[in-house]
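What follows is a single structure, written as structure tokens, with notes after it.
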Amino acid sequence: MTTADRRKERLDRGIKVRSDGIYALLSWRELGYLVLPRLVLIAGLLLLPLVVPSLYWQRVISNVCLYALLALSFDFLAHYVGLVSLGGALFIGTGAYIAALLNKNLGLPLILTIPMASVSGAAICTLLLLPCLPLRGVYFAIVSLMYPLAMMRIIEALNIFGGTDGIMGIDSFPNHWVEQYFVLIMVLLFLFGLRRLVNLDIGLVFRGVKDNDQAVRASGMSITYYKAVAVFIASAIGCLAGACLTHIYMFSGISLFALDFSILPIAATVIGGGGTLAGPVIGCFILVPISELLREFGTLRIAFYAIILMAFIVFKSEGLMVYGQRKYHQFERWVKI
Amino acid sequence: MSESPMLHVEEATKVFGGILALNRVTFDVHQGEILGIIGPNGSGKTTLINCITGFVRMTSGKVFFKGRDITGKPAHKIADLGVTRTFQIMRPYYTLPAYKNLVIPLFSPRAKRTGGWRGGGKLGDRDTVGIDILEEIGFERDSFVPYKLASSLPTGYLKRLELARCLALKPEIILCDEVFSGLSMSEIASMVPLIERLQMDGITLIMIEHRLRELFRVASRVMVLNFGEKLLEGRPEEVMADERVKTAYFGSEEVEEVMTYA
């Protein structure tokens, strides 16, 4: 039969409807239905460093987490505030350089440099992006893409912060367990933190700015202010990732403004499903290891990478997480028209 | 009407490129009054509201709210003073349920100041205040309507939601841009008492309207715009009787129909 005489009907599962309210707490089955997916994710992430075989792949886990933080910040800005930001590399670079300078020049330990780099880096990124906040959609994307490129050239041309050589000899994490568990816990913290935030009242204002900024203005709120707050939150996450990166590799250089940091989080969001926050994290856990596996193919891996992305965009454009949520919450059946 | 007017607009002029959208429009609105603004399409009614509320910058002219100059202030500052507006093309937050739509205005600085417990009423919960406002404006509380996504609501409810968004700010004056348009006769019939109640609550209203019959029932004064100029201003029956209005605006049959109704 073709779609001409039948169509797919989707219905919420009874358990989904029942567990929407507070009554879910009254039965183990419904409690399990709510908690299980989250528990699997949390436990899976926390067990990952224990089951991964080699040191090389443990380093990959840290890498994945840094990209996951960036993807979270991209997804939050793009799908909850309406700012499509290609400034991931700006966040990474700013956070990395601040952490490196604090550590190298002032001799601060990394327990101080990471939070300081996140907050001050976020302040700097927000100030830099402030003039572009009235822009929307693709226009904001273009301008935010310019920033990391400009920063790279400025550092190169003025020969500041170590110029093209970068800053070396930065303190590393005490050991690889601390490193991995720190970044993993940060990913979980910001994943669930952002999911909570977008459903708070201030989160609704962010979503209002995305949905309909004129109505927010008519309600007596400055949209530029709320966009700036959102950019601060997102860039703090990005700068945190940058600061961790510089301590993991014990190096900070202009390569940290590379466009990979802007592009890969977007690809991960496409694969994982935009607007779900958990999706982009899952997307990173798929994309970054694939890119490592394909490393031996040399430059050909870009081609494989492109094929995977294209396949996702053509066949599953909604993203894995949206697809998974639908299968989990709804059942489908064919009905005759 | 001896005290200083609520809103005083002086020689409002707006030029879009070479088009004179508003040409030196001057008028007053007093406390507790309902001023109707009518005029043919493209006569500058919506532009006038946009200019007053700061969504569009006036070319020249002044706006005073309670004797205070608000010309050229940003839109959110003007709304913060209590000068609120609805949009002709409804602008709800489509991805949110109806009552969550009101959480956003309730989060604004003005609602936090005026609404008690930072906009959340006695319980400090903006959701319940939102549902209360929706009930006041005609959403049935115990039905599922307030909980539905704004994207699935019919026009009548969306128009009410526009008004509700203004009410959440505890406004002094609401500028309504065609709240009756696109509604069925029965929906309009249920909206009219709502407007009357807003007036009884002491809210001043400016209403742009094409539904003359309903407008003339509620409005205390009517101003007629034509090609961006103020044609005349007066009580509804005076405006109806004026020859210039008839030729500029109405089909003669409609005037007769309205007159017999009045």
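Consider A:Arg59 against the criteria (1) touching a Lys or Arg at 6+ places or on another chain (Cβ under 6 Å); (2) among the charged types (D, E, K, R); (3) open to solvent by 60 Å² or more (accessible area, probe 1.4 Å): it satisfies all of them except one. Which criterion is unmet?
Every listed condition holds for A:Arg59 apart from (1).
Inside region A:104-131, can you point out the residues that are open to solvent by 10 Å² or more (accessible area, probe 1.4 Å), over 13 Å from A:Ile237 (Cβ atoms), of a type outside the set (Lys, Arg) and part of a helix (DSSP H, G or I)?
Listed by number, the residues that qualify are A:Asn105, A:Leu110, A:Ile111, A:Leu112, A:Met116, A:Ser120, A:Ala123, A:Ile124, A:Leu127, A:Leu128, A:Leu130, A:Pro131.
Which of the residues belonging to region B:73-113 are among the charged types (D, E, K, R) and under 15 Å from A:Met221 (Cβ atoms)?
Start the filter on region B:73-113 by keeping residues that are among the charged types (D, E, K, R), which leaves B:73, B:77, B:80, B:85, B:91, B:100, B:110, B:112-113.
Within region B:73-113, B:Lys73, B:Lys77, B:Asp80, B:Arg85, B:Arg91, B:Arg110, B:Lys112, B:Arg113 qualify.
Can you tell me which residue within region A:64-97, out of those that are among the β-branched types (Val, Ile, Thr) and open to solvent by less than 30 Å² (accessible area, probe 1.4 Å), is farthest from the chain's Cα centre (by Cα)?
That would be A:Thr94.
So B:Ser43 fits all but one of (1) over 18 Å from B:Thr84 (Cβ atoms); (2) open to solvent by 10 Å² or more (accessible area, probe 1.4 Å); (3) of a type in the set (S, T, N, Q); what number is the exception?
So B:Ser43 meets the others, but not (2).
With respect to A:Ile160, is the statement that it is part of a loop (DSSP other than H, G, I, E, B) and either open to solvent by less than 10 Å² (accessible area, probe 1.4 Å) or among the basic types (Lys, Arg) (or both) true?
no
Look at A:Leu50 and say whether it is exposed (fewer than 14 other Cβ atoms within 10 Å of the Cβ), at pLDDT below 95 and part of a helix (DSSP H, G or I).
Taking the combined requirement at face value, the residue satisfies it.
Take the residues of region B:162-178 that are open to solvent by 10 Å² or more (accessible area, probe 1.4 Å) and closer than 10 Å to B:Thr86 by Cβ: which is nearest to the other protein chains (Cβ to nearest Cβ)?
Taking region B:162-178 first, the residues open to solvent by 10 Å² or more (accessible area, probe 1.4 Å) are B:165, B:167, B:170-172, B:178.
Filter once more, keeping what is closer than 10 Å to B:Thr86 by Cβ: B:165, B:178.
Details: B:Arg165: 6, B:Glu178: 15 Å.
That would be B:Arg165.
Mind checking which helices (runs of 4 or more DSSP H) fall wholly inside region B:94-159 and carry at least 3 residues that are open to solvent by 20 Å² or more (accessible area, probe 1.4 Å) and farther than 16 Å from A:Gly203 by Cβ?
B:109-114, B:126-136
Of the residues that make up region A:228-245, is at least one out of contact with any Ser or Thr (no Cβ under 9 Å at 6 or more places or on another chain), assigned to a helix (DSSP H, G or I), within 12 Å of another protein chain (Cβ to nearest Cβ) and under 30 Å from B:Phe55 (Cα atoms)?
Checking region A:228-245: not a single residue is out of contact with any Ser or Thr (no Cβ under 9 Å at 6 or more places or on another chain), assigned to a helix (DSSP H, G or I), within 12 Å of another protein chain (Cβ to nearest Cβ) and under 30 Å from B:Phe55 (Cα atoms).
Each row is one residue, and each column tells you yes or no for (1) within 14 Å of another protein chain (Cβ to nearest Cβ); (2) open to solvent by less than 10 Å² (accessible area, probe 1.4 Å).
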| residue | (1), (2) |
| --- | --- |
| B:Ala12 | no, yes |
| B:Gly17 | no, no |
| B:Ala21 | no, no |
| B:Asn50 | yes, no |
| B:Thr53 | yes, yes |
| B:Arg68 | no, no |
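When you look at A:Ser54, is it of a type outside the set (A, V, I, L, M, F, W, C) and under 19 Å from A:Ile248 (Cβ atoms), yes or no?
Yes: the conditions hold for A:Ser54.
What residue, among those in region A:276-288 that are in a helix (DSSP H, G or I) and open to solvent by less than 30 Å² (accessible area, probe 1.4 Å), is farthest from A:Pro265 (Cα to Cα)?
Per the stated criteria, the residue is A:Ala278.
Which of the numbered conditions does B:Ala111 fail, given that it passes all the others? Conditions: (1) away from every other protein chain (no Cβ under 11 Å); (2) of a type outside the set (Ser, Thr, Tyr); (3) under 20 Å from B:Ile174 (Cα atoms).
Failing condition for B:Ala111: (1).
Condition check: hydrophobic (A, V, I, L, M, F, W, C), open to solvent by 30 Å² or more (accessible area, probe 1.4 Å) and in contact with an Asp or Glu (Cβ under 9 Å, 6 or more places away or on another chain). Does B:Ala189 satisfy that?
Spelling it out, B:Ala189 is indeed hydrophobic (A, V, I, L, M, F, W, C), open to solvent by 30 Å² or more (accessible area, probe 1.4 Å) and in contact with an Asp or Glu (Cβ under 9 Å, 6 or more places away or on another chain).
Mind checking which residues of region A:166-184 are among the β-branched types (Val, Ile, Thr), in contact (Cβ under 8 Å) with a residue 24 or more places away in the chain and open to solvent by 10 Å² or more (accessible area, probe 1.4 Å)?
A:Ile167, the sole residue that qualifies.
I'd like to verify a number: residues in region A:193-221 that are open to solvent by less than 30 Å² (accessible area, probe 1.4 Å) and within 12 Å of chain B (Cβ to nearest Cβ), how many?
Adding up the residues that qualify gives 15.
Can you tell me how many residues in region B:36-48 are more than 14 Å from chain A (Cβ to nearest Cβ) and not in a strand (DSSP E or B)?
9
Taking region B:24-40 only, how many residues are open to solvent by less than 10 Å² (accessible area, probe 1.4 Å) and of a type in the set (Gly, Ala, Ser)?
Here the count works out to 2.
Could you tell me which residue of region B:77-93 is farthest from the other protein chains (Cβ to nearest Cβ), considering only residues that are assigned to a helix (DSSP H, G or I) and in contact (Cβ under 8 Å) with a residue 60 or more places away in the chain?
So, considering only residues that are assigned to a helix (DSSP H, G or I) and in contact (Cβ under 8 Å) with a residue 60 or more places away in the chain, the one farthest from the other protein chains (Cβ to nearest Cβ) is B:Leu81.
So A:Ser262 passes all but one of these: (1) at pLDDT below 90; (2) more than 14 Å from chain B (Cβ to nearest Cβ); (3) open to solvent by 10 Å² or more (accessible area, probe 1.4 Å). Which condition number does it fail?
Evaluating A:Ser262 over (1) at pLDDT below 90; (2) more than 14 Å from chain B (Cβ to nearest Cβ); (3) open to solvent by 10 Å² or more (accessible area, probe 1.4 Å) leaves (3) as the failure.
Name every residue in region B:199-220 that is of a type outside the set (A, V, I, L, M, F, W, C), at pLDDT 90 or above and in a loop (DSSP other than H, G, I, E, B), in order of residue number.
Selection gives B:Asp201, B:Gly202, B:Ser220.
Look at region B:1-34 and say how many of its residues are part of a loop (DSSP other than H, G, I, E, B) and closer than 27 Å to B:Phe216 by Cβ.
Count: 9.
Conditions (1) farther than 25 Å from A:Leu256 by Cα; (2) touching a Ser or Thr at 6+ places or on another chain (Cβ under 9 Å); (3) at pLDDT below 95, marked per residue:
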position: A:Ile167; (1), (2), (3): no, yes, yes
position: A:Val187; (1), (2), (3): no, no, no
position: A:Asn199; (1), (2), (3): yes, no, yes
position: A:Ile202; (1), (2), (3): yes, no, yes
position: A:Val216; (1), (2), (3): yes, yes, yes
position: A:Ser219; (1), (2), (3): yes, yes, yes
position: A:Ser222; (1), (2), (3): yes, no, yes
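Looking only at residues in region B:192-205 that are open to solvent by less than 50 Å² (accessible area, probe 1.4 Å) and not aliphatic (A, V, I, L, M), which one is nearest to B:Ile34 (Cα to Cα)? Don't jump to the end; show me each part of the working.
Just the residues of region B:192-205 that are open to solvent by less than 50 Å² (accessible area, probe 1.4 Å), to begin with: B:192, B:194-195, B:198, B:202-205.
Subsequent filtering for residues that are not aliphatic (A, V, I, L, M) retains B:202, B:204.
Details: B:Gly202: 10, B:Thr204: 6 Å.
Result: B:Thr204.
The values are calculated or read from the model by the stated rules, or taken from the named source; none is laboratory data. Bear in mind the structure is a predicted one, so any value in this text is a computation, not a measurement. In this analysis, Cβ positions are derived from the backbone assuming ideal geometry, glycine residues included, and neighbour counts consider all displayed protein chains. When the accessible area is computed, the model is the full protein with side chains, heavy atoms only, and any ligands, DNA or RNA have been set aside. Shrake-Rupley method; radii C 1.70, N 1.55, O 1.52, S 1.80 Å.
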